[in-house]
1. Between A:Y29 and A:R203, what length comes free when the chain is fully extended (0.36 nm per residue of separation minus the Cα-Cα distance, one decimal in nm)?
2. Report Rg/Rh for chain B, rounded to two decimals, where Rg is the Cα radius of gyration and Rh the Kirkwood radius.
3. What is the calculated FRET efficiency for A:D49 to A:D129, with r their C-beta to C-beta distance and R₀ = 22 Å, to the nearest 0.05?
4. May I ask you to derive the relative contact order of segment B:68-277, considering only C-alpha pairs under 8 Å and at least 6 residues apart, and to give it as an integer percent?
5. Relative contact order for chain A: what is it in percent, counting Cα pairs under 8 Å that are at least 6 residues apart?
6. May I ask which residue of B:V269, B:I201, B:Q234 lies farthest towards the positive end of the charge dipole of segment B:172-278, with charges of +1 (Lys, Arg) and -1 (Asp, Glu) on Cβ and the Cα centre as origin?
7. Need one value for A:111-119: mean number of C-beta atoms belonging to other chains within 10 Å of its residues' C-beta atoms.
8. If I model a spin label as a point 7 Å beyond the Cα along the Cα-Cβ vector, how far apart are those points for B:F122 and B:S145 in nm?
Amino acid sequence: MRTDGSAAAHAPNGPAQPLIVAQGVSRVYATVSGETVHALDRVDLRIADGEFVCLVGPSGCGKSTFLRLVAGLDPCDGGRLTLGGRPVLGPSSEVGVVFQTANLLPWFTVLANVSLPLRVGAGRGRAVDNGRIHELLTIAGIAEFANKYPYELSGGMQQRAAIVRALARDPKVLLMDEPFGALDALTRERLNVELLRIWQASRKTILLITHSIAESVFLADRVLVMSARPGRILREIPIHLPRPRTLDETPAHPDYVRLMTEIRGLLYGEAL
Amino acid sequence: MSVKAEGPASTAKSRETLCAARLRRVAVNGGVFVLLLVCWIVAVRGFGLKSYILPLPGDVLKALWAGLAVPITDKTGFYLPLWVTLSNSALGFLLGSALGLLLGSLMAEFRPVETAIMPYAFALQSLPKVAIAPLIVIWFGFGNSSKIVIAATLTFFPMLVNSFTGLRATEPDRIDLMRTLSGTRLETYLLVKLPSAAPYIFAGLDMGAVYALLGTIVAEFLGAQAGMGVTITQLQAVSDVAGVFACLIVLGTTGILLHLGMRAIERRVVHWTERTRN
């Protein structure tokens, strides 16, 4: 089990083969008025297998754009982006995506929503492993809501279901775009702890985008700070806070505030 | 004790005010109805209107009773013509809404189909479609088929426009979700777009049901063997205005029941919309 953050697999240039590699990745798009906008400018990063990486940056810096590229939803306009050594050409079963809103389909029950990945696309035809889905629901603490409709659940419960859905195909990578941004502060903290628990139990690689500096320091092995548009990686900050992290102990760690201050300094320096 | 007693007492009180509000509404509605009846009677008596211009409410009631208090198979009753009209509009409704949904879906899914059909769809949409009824009677004759075709034509357009609009209004995040799962086009359509568009589609069906009835009756005016449209023209020919009024009441009630039925089905099928709104 992971007990601290300094395991070899977590080091950016450790012996483990990096799972996600971006080299000079750029993304340009045209606005309605015909201007071209450089959303991403030569982004370089490597994410190791099993690593938890948070991406923070000012609003509109291209964080979500980068996530969409990794998810295979949009193509790169330059550079090289590989997943497990293969270039990303489109959506892959190796990637689960958690959106900003829970994005559950309101006409399906929670169970039907979370097992959707096993019924469509590449998952079709495979026998739906109800035991596994139920196990995931139990880990996420929503097993008792399996037969309820999304509108009968609180925002936090809905987002848990969204995480279970992203894990349903047992992907290697979980991409999360400000998954807890719409939740209240208390629910958000609780779900942060839950997410770490799920991560430690499932050993996924997670790339999570957030606005919250505290959230990034609490969760990540490594925080990548992005610049304002065009987005570039300004700096990567390893977070060597001991694991398992808890709401009681981690914020009290002497390094916690120092890391937050360092990231905040980078972001504010960027904004001024 | 006093705290416990307060809860039920206050809910009883709110129930009481709710009851009172409902009673008041019933009283107002009933009052307006009675007032209208009084105005009607005063107008007939005061201006000395002949019964072939405007009959008294009592005469209308008598005509209604005469049409309804007969065996279902009676040739002079309302049941037979109503059955003919309803069955033709139902067939036209099914045909028109199925075709409208099909073409609306093809337009929403395939850009070339949209480009090819959109101008015609909008041009025909702004045409008052009952105006083409005589043409359809020429092509399909005076039998049931012309009624069904006109009902279908009138149902088709709201269904086409509504299903197209609804399918295109699908939230992009939901489509992205299906893309991340590499769902096929058909899967995305059936599992995501169609349910997303369901409220629009039901609004189209609701409109279509009323239009189908309208279309059938217009077609029957132009010539038919049986139907409520025929009964109305026959009663008009003998200046039985009370009978015409009775027919209108029957048709009005049918329209309201169709609408309520459609709403009930919608609430069943699209159960999530109202709950999420609350």
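1. 59.1 nm
2. Reported Rg/Rh, Kirkwood definition of Rh: 1.10.
3. Efficiency computed from Cβ-Cβ geometry: 0.40.
4. Taking the mean separation of contacting Cα pairs over the length of segment B:68-277, I get 27 percent.
5. Details: 523 pairs, mean separation 70.2, N = 272.
That works out to 26 percent.
6. It is B:V269.
7. Numbers: counts 0, 1, 1, 0, 0, 7, 5, 1, 4.
Other-chain Cβ atoms within 10 Å of each residue's Cβ, averaged: 2.
8. In this crude spin-label approximation the distance works out to 3.5 nm.
Taken together, the values in this text are just the output of simple stated rules run on the coordinates, not laboratory data. Note that this is a predicted model, so its numbers are computed, not measured. Here Cβ is always computed from backbone atoms with ideal geometry, including for glycine, and neighbour counts include all displayed protein chains.
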